Amino acid sequence: MINIKEMDSDQLDILISAYNWDDGFHTPQMVIDNRNCELATAINTYYLADGYYYFLNKINDSTEWFQFISGLYERILTGCFSKGNLSYKVPLTKTQIYKLRKNNVPEVFLNDIL
């Protein structure tokens, strides 16, 4: 297998989409830390890591999940990932998007990346 540090954006996206989250956060952290990680992959990672739950329950705790998801949230929000060529369809219903908008969730988490 290719070293994650050497993967291109397509390989990172495939890896995170097929990742078994029962294996922890080390691999996802390496994916989002890779300079080739695009915004589409970062948003995909966010939702795969149960980012929707984070929107609903922003409780500050010290769990590995909270540290991962809150750090990824901040990095996405501050523009750490380039748009690139990958696309992503946000896995939310219109009702979920409406409720999140009412709670002032930033648009970057609510819009598809085309």
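The values are calculated or read from the model by the stated rules, or taken from the named source; none is laboratory data. Quick caveat, the model's predicted, so the values are computed rather than measured. Using ideal geometry, Cβ is built from the backbone for each residue, glycine included, and neighbour counts are taken over all protein chains shown.
Which is surrounded by 14 or more Cβ atoms within 10 Å (Cβ to Cβ), in contact (Cβ under 8 Å) with a residue 24 or more places away in the chain, of a type outside the set (Phe, Trp, Tyr) and under 18 Å from residue 4 (Cβ atoms), of 51, 84? So that I can check it myself, show each step before the final result.
On the way: 51 fails: under 18 Å from residue 4 (Cβ atoms).
84 is the lone residue from the list that is surrounded by 14 or more Cβ atoms within 10 Å (Cβ to Cβ), in contact (Cβ under 8 Å) with a residue 24 or more places away in the chain, of a type outside the set (Phe, Trp, Tyr) and under 18 Å from residue 4 (Cβ atoms).
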For the stretch 65-81, what are the residues that are crowded, with 16+ Cβ neighbours inside 10 Å, among the aliphatic types (A, V, I, L, M), touching a residue at least 24 places away in the same chain (Cβ under 8 Å) and under 23 Å from residue 98 (Cβ atoms)? 76
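Residues are listed down the side, and each one gets a yes or a no for (1) under 17 Å from residue 73 (Cβ atoms); (2) part of a helix (DSSP H, G or I); (3) modelled with pLDDT of 95 or more:
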{"site": "10", "(1), (2), (3)": "no, yes, yes"}
{"site": "27", "(1), (2), (3)": "no, yes, yes"}
{"site": "30", "(1), (2), (3)": "no, yes, yes"}
{"site": "41", "(1), (2), (3)": "yes, yes, yes"}
{"site": "46", "(1), (2), (3)": "yes, yes, yes"}
{"site": "54", "(1), (2), (3)": "yes, yes, no"}
Write out, first by first residue and then by second, each pair whose Cβ atoms fall under 7 Å of each other, whose residues are 6+ apart or on separate chains, and whose first residue, in the stretch 95-114, is surrounded by fewer than 14 Cβ atoms within 10 Å (Cβ to Cβ) while the second is modelled with pLDDT of 95 or more and not aromatic (Phe, Trp, Tyr). 101/110; 106/77; 111/90; 112/89; 112/90; 114/87
Just to be sure, is residue 62 surrounded by 14 or more Cβ atoms within 10 Å (Cβ to Cβ), free of Cβ contacts under 8 Å to residues at least 40 places away in the same chain, polar (S, T, N, Q) and farther than 15 Å from residue 113 by Cβ? no
Here are the criteria: (1) part of a helix (DSSP H, G or I); (2) modelled with pLDDT of 95 or more. Tell me which single one residue 35 does not satisfy. (1)
May I ask you to list the residues in the stretch 12-26 that are within 18 Å of residue 113 (Cβ to Cβ) and polar (S, T, N, Q)? 17
So which of 29, 96 ends up being within 28 Å of residue 3 (Cα to Cα) and of a type outside the set (A, V, I, L, M)? 29
When you go through 22, 61 one by one, which is the residue that is more than 23 Å from residue 87 (Cβ to Cβ) and outside any helix (DSSP H, G or I)? 61
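Each row is one residue, and each column tells you yes or no for (1) at pLDDT 95 or above; (2) small (Gly, Ala, Ser); (3) out of contact with any His (no Cβ under 6 Å at 6 or more places or on another chain).
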position: 59; (1), (2), (3): no, no, yes
position: 67; (1), (2), (3): no, no, yes
position: 79; (1), (2), (3): yes, yes, yes
position: 85; (1), (2), (3): yes, no, yes
position: 88; (1), (2), (3): yes, no, yes
position: 96; (1), (2), (3): yes, no, yes
Could you check the stretch 42-82 and list, in sequence order, the residues that are aromatic (Phe, Trp, Tyr) and farther than 18 Å from residue 15 by Cβ? 52, 53, 54, 55, 65, 66, 73
